[in-house]
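The values are calculated or read from the model by the stated rules, or taken from the named source; none is laboratory data. Bear in mind the structure is a predicted one, so any value in this text is a computation, not a measurement. Because the Cβ atoms are built from the backbone with ideal geometry, glycine has one as well, and the counts that use them run over all protein chains shown. Side chains are part of the model used for accessible areas, which takes the heavy atoms of the whole protein and leaves out ligands, DNA and RNA. Shrake-Rupley method; radii C 1.70, N 1.55, O 1.52, S 1.80 Å.
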Amino acid sequence: MVRLRIIFENGDPERVVEFDPAKAPFQHDGLPGSILDVLLGHGIHLEHACGGNCACTTCHVVVKSGFEKLPEAEESELDLLDKAPGLTPTSRLGCQAVLPNNCELTIVIPRFTINLA
Amino acid sequence: MSAGERRVYEGRITRIVRRAPDTRSLFFSLPAGERLAYRPGQFISCQLPVGSDILTRPYSLASSPEDEELEICLNLVPGGRGSAYLFGLGVGDTVRFTGPWGSFCLDAAPEAACIFVAEGTGIAPIRPMIARALAAPREWPIALHYAAAGRDQVLYAEEFERAVERHACFTFSPVLDGSLRAVIERTYVAGDADRSRHFYICGVGSIVTELRDWLRATGYERRAVQYEKW
């Protein structure tokens, strides 16, 4: 099982979802089992203008804890993160960061994105 | 603008143009007084009501920011719910979308030779980028290598051929035999030691990331190799 705590920088009440990653995909956008897949599949909005195809940064999230549990980002994700507003050392794209089994993560969904990337 | 407050546009289809077998362009107009400010190469994110879902589907703008209408150019994807929906629309129908999005763009005048590499409908964002590059006051060498499955699938071919006649700096090379990587290697890696060129690559297959990795590994700077893979 995976436990994912989601903090919204815009002040929305935080959410916690627990799920079995073996049941991925939970819907149709982003990599199966990715943060985007899990959030959308549990009724939690996360912007994804490119449809979860790793072509923009609107699903940018900041991992507050558990970052080291995630598989390393590939070149395409790193190239896009390079252009993300509010980039941090623990930033990931929700559509690409696949949650492994038996982990606990806390992520923050930033308040702002820019209408560019 | 915060998440959830995206401006949603409603484009009305004004024209549908067949570009190739199972490939067409949809032209949109916005309500009077509205205009989408975008950079050459950016995309819009269409919100398509298919069944009980709202599908999010990105489509690069094949039009230039100066054009009156917005244009997207798409394939009918086998089993693709989004493209099937759009192919079912007619003139006068509307499509809701947000945008513009994406950082794969060429806005300012080029500062080096520009090599554009497109595969299939990956030409859509490249087309306005080339138009912008050719409009720049200084004429750097600009090349387009365009891979397609056949001559009839080289989209906008006449337009690019006319551009060759008008701009001595522009070369247009359709690649119809699957040798795209070999062409790029022969011309821009084995051919000389110049690594100052800027690349803009767009397509749907693994060729996009293969070319990216390979160009960067052979001496081109990371940011000199821009790409978008759909």
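Computed about the Cα centre, the dipole magnitude for the protein assembly as shown is approximately 200 debye when only Lys and Arg (+1) and Asp and Glu (-1) carry charge, each at its Cβ.
Placing +1 on the Cβ of every Lys and Arg and -1 on the Cβ of every Asp and Glu, with nothing else charged, gives segment B:114-229 a dipole about its Cα centre of roughly 400 debye.
You can think of it this way: the chain between B:SER196 and B:ALA108 has 30.0 nm of extra reach, that is 0.36 nm per residue less the Cα-Cα gap.
Rounded to the nearest 500, the 222 nm mean residue ellipticity of the protein assembly as shown from helices alone is -5000 deg cm²/dmol, with -39,500 (n - 2.57) taken per DSSP H run of at least 4 residues. Taking GluC sites (Glu not before Pro) across segment B:21-115, the ones in a DSSP loop with at most 13 further Cβ atoms lying within 10 angstrom of their Cβ are B:GLU34, B:GLU66, B:GLU68, B:GLU111. The trypsin sites (Lys or Arg not before Pro) of segment B:152-230 that DSSP puts in a loop, and whose beta carbon has at most 16 other beta carbons within 10 Å, are B:ARG195. Here the contact order of chain A, divided by its residue count and restricted to Cα pairs under 8 Å and six or more residues apart, works out to 35 percent. Which of A:SER76, A:SER65, A:SER34 ends up with the largest GNM mean-square fluctuation for chain A, with Cα atoms connected below 10 Å? Comparing A:SER76, A:SER65, A:SER34 in a Gaussian network model of chain A, the most mobile one is A:SER76. For the chain pair B and A, buried accessible area totals roughly 2100 Å², probe 1.4 Å, rounded to the nearest 100. Put a dot 7 Å past the Cα of B:VAL91, heading toward its Cβ, do the same for B:ARG181, and the two dots end up 4.5 nm apart. Quick one: angle between helix B:123-134 and the longest Cα principal axis of chain B, in degrees between 0 and 90, rounded to 10, please. The answer is roughly 60 degrees. For A:LYS64, the aspartates and glutamates whose Cα falls under 18 Å of its own Cα, not counting residues fewer than eight places away in the same chain, are A:GLU9, A:ASP12, A:GLU14, A:GLU18, A:GLU72, A:GLU104. When the other protein chains are added to the chain by itself, burial of at least 10 square angstrom of heavy-atom accessible area (probe 1.4 Å, ligands and nucleic acids ignored) affects these residues of segment A:1-32: A:ASN10, A:HIS28, A:ASP29.
Rounded to the nearest 20, the size of the Cβ-charge dipole of segment B:8-101 about its Cα centre is 220 debye, with Lys and Arg at +1 and Asp and Glu at -1.
Shown here for segment A:42-117: GluC sites (Glu not before Pro) in loop regions (DSSP other than H, G, I, E, B) with at most 13 other Cβ atoms within 10 Å, namely A:GLU72, A:GLU74. Projecting the Cα atoms of B:GLY82, B:SER52, B:PHE116 onto the dipole axis of segment B:19-130, where Lys and Arg carry +1 and Asp and Glu carry -1 at the beta carbon, places B:SER52 farthest toward the positive end.
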